[in-house]
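Presented below is the structure to which this report refers.
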Amino acid sequence: MVKKPRPLVELVATGRYLPERILTNQDLERMVDTSDEWIRERTGIRERRIAGPDEGAAFMGAEAARRAMAKAGVEPGEVDILVVSTATPDRWLPSTACDIQALIGASNAMAFDISAACPGWLFGLSVAEGYIAAGRGEIALVVATEKMSAIIDWEDRATCVLFGDGAGAGVLRRTSGDRGILSSHHKSDGTLANLLYRPAGGALVPMTHEVLDRKDHFVKMAGREVFKNAVRSMAEGADLALSRAGLTGADIDLLVPHQANLRIIDATAKYAGIPQEKVYVNVDRYGNMSSASIPVALDEALERKVVGPGSLVLAVAFGAGFTWSGMTLRL
Ligand code: UT7
């Protein structure tokens, strides 16, 4: 019998920001050799949001953060640690976290980025949880912000139909109650990095005219291989997060999976023994927003009262690296 863990930090509130511009499958039919039918059948996606020129990762993240802080009743100056997950930083230096810190005025925070792809928000929650649990701070802000449209090859039909832009955020606070993060499992396997990556444009192969001509600065993905690994790893994430909390799928009020592909979501739910009506899906409206997918979905689920205080949530994600996570929370 697993001893039920007591949470150390609670998720006080969430927030999200989505750009207004919608790009539909029909729009994509006019851009590349694809069809609405193919995209819907293979992925479940109908449309996605595309950020404008002034909507960078920091701008979107700051908006999501402001909304989360307002709901939490937390002032920017109270934030001790600001963790930002992004695969699309506005610039190489400084971190997007420092830009968000300046935008929101979180002047007392330690601010830094983490790079963990799609599970990045869950990785970030655990980093902040550890910091607070160690007694180094009381309040954390964990933001995930992704402008995927900036790193996609809009002529590559295998990838450009999949992704969208957006940001989500959560405020964490130390707790002595029974609500908060109950368990987590995070894992990485760097040996499979080249199945989903950007070959160039970093420090090893800096941006050159040749890199631009070869489009090596854009996302490359071996879709089928990533799919198989995603199904396997999200099952592992669900399994270990549940067992570490002494829970089964039957205890869960809502599964909030990473929103990459409806078929992966269905497989994960089935494996975890969670019925469809207890699975939050918004991949049809937003596509894959990498690490922003889970906080955006959770924020929507809370706003729509699909879940509320006391609900048990299982979040699972998989992404480039590879990286994967499972986490259980009592809201
Ligand atoms: O967030 C990080 C994690 N990422 C993921 O989890 C993504 C995982 N992978 C997937 O979701 C799926 O593999 C995809 C949706 C990317 C692709 O679906 P698939 O069923 O694995 O298709 P496929 O890559 O095996 O391609 C099947 C066919 C190919 O044609 P042939 O070779 O069978 O003639 C592709 O060229 O579909 C073709 N195809 C397309 N056709 C129309 C690929 N992309 C498109 C497209 N429109 N956009």
>> Cβ contacts < 6 Å: first residue closer than 19 Å to Ala158 by Cβ, restricted to region 179-205; second residue assigned to a strand (DSSP E or B) and within 16 Å of the ligand (Cβ to nearest atom), any location; separation 6+ or different chain. Result?
In response: Leu196/Met221
> Taking region 248-277 on its own, how many of its residues are of a type outside the set (Val, Ile, Thr) and open to solvent by less than 20 Å² (accessible area, probe 1.4 Å)?
Replying inline: 9
> Does Ser126 satisfy being touching a Phe, Trp or Tyr at 6+ places or on another chain (Cβ under 8 Å) and among the hydroxyl-bearing types (Ser, Thr, Tyr)?
Replying inline: no
> Does Trp121 satisfy the criteria of being touching a Pro at 6+ places or on another chain (Cβ under 8 Å) and within 14 Å of the ligand (Cβ to nearest atom)?
Replying inline: yes
>> Can you find, within region 286-313, the residue that is most open to solvent (accessible area, probe 1.4 Å) among those that are touching a Gly at 6+ places or on another chain (Cβ under 9 Å) and away from the ligand (no atom under 16 Å from the Cβ)?
In response: Leu302
> When you go through (1) within 30 Å of Glu37 (Cβ to Cβ); (2) within 15 Å of the ligand (Cβ to nearest atom) one by one for Gly321, which number turns out not to apply?
Replying inline: (1)
> Looking only at helices (runs of 4 or more DSSP H) that fall completely inside region 252-331, which ones have 3 or more residues that are touching a strand residue (DSSP E or B) at 6+ places or on another chain (Cβ under 6 Å)?
Replying inline: 262-272, 293-303
>> within 19 Å of Ser293 (Cβ to Cβ), basic (Lys, Arg) and open to solvent by less than 10 Å² (accessible area, probe 1.4 Å): is that true of Arg16 in this structure?
In response: no
> So which of Ala193, Ala203 ends up being open to solvent by 60 Å² or more (accessible area, probe 1.4 Å), farther than 22 Å from Val83 by Cβ and of a type in the set (A, V, I, L, M, F, W, C)?
Replying inline: Ala203
>> Suppose we filter Ala97, Ala62, Ala87 for residues that are aliphatic (A, V, I, L, M) and open to solvent by 20 Å² or more (accessible area, probe 1.4 Å); which single one remains?
In response: Ala87
> Within region 168-186, is even one residue among the polar types (S, T, N, Q), more than 19 Å from the chain's Cα centre (by Cα) and under 20 Å from Asn229 (Cα atoms)?
Replying inline: no
>> Given the options Arg42, Arg16, name the one that is charged (D, E, K, R) and closer than 16 Å to Asn282 by Cβ.
In response: Arg16
> So which residues in region 100-110 are outside any loop (DSSP other than H, G, I, E, B) and open to solvent by 20 Å² or more (accessible area, probe 1.4 Å)?
Replying inline: Gln101, Ala102, Leu103, Met110
> Would you call Val171 in contact with a Gly (Cβ under 7 Å, 6 or more places away or on another chain), open to solvent by less than 60 Å² (accessible area, probe 1.4 Å) and more than 16 Å from the ligand (Cβ to nearest atom)?
Replying inline: no
>> Being basic (Lys, Arg) and within 25 Å of Arg232 (Cβ to Cβ) narrows it down to one residue among Arg198, Arg179; which is it?
In response: Arg198
>> Yes or no: region 177-191 includes at least one residue that is within 15 Å of the ligand (Cβ to nearest atom), more than 30 Å from Ser311 (Cβ to Cβ) and not polar (S, T, N, Q).
In response: yes
> Got at least one residue in region 122-142 being under 18 Å from Met289 (Cα atoms), open to solvent by less than 60 Å² (accessible area, probe 1.4 Å) and in a loop (DSSP other than H, G, I, E, B)?
Replying inline: no
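The values are calculated or read from the model by the stated rules, or taken from the named source; none is laboratory data. Note that this is a predicted model, so its numbers are computed, not measured. When we count neighbours, we look across all protein chains shown, and the Cβ atoms used for this are built from the backbone with ideal geometry, even at glycine. With ligands, DNA and RNA removed, areas are computed over all heavy atoms of the protein, side chains included. Shrake-Rupley method; radii C 1.70, N 1.55, O 1.52, S 1.80 Å.
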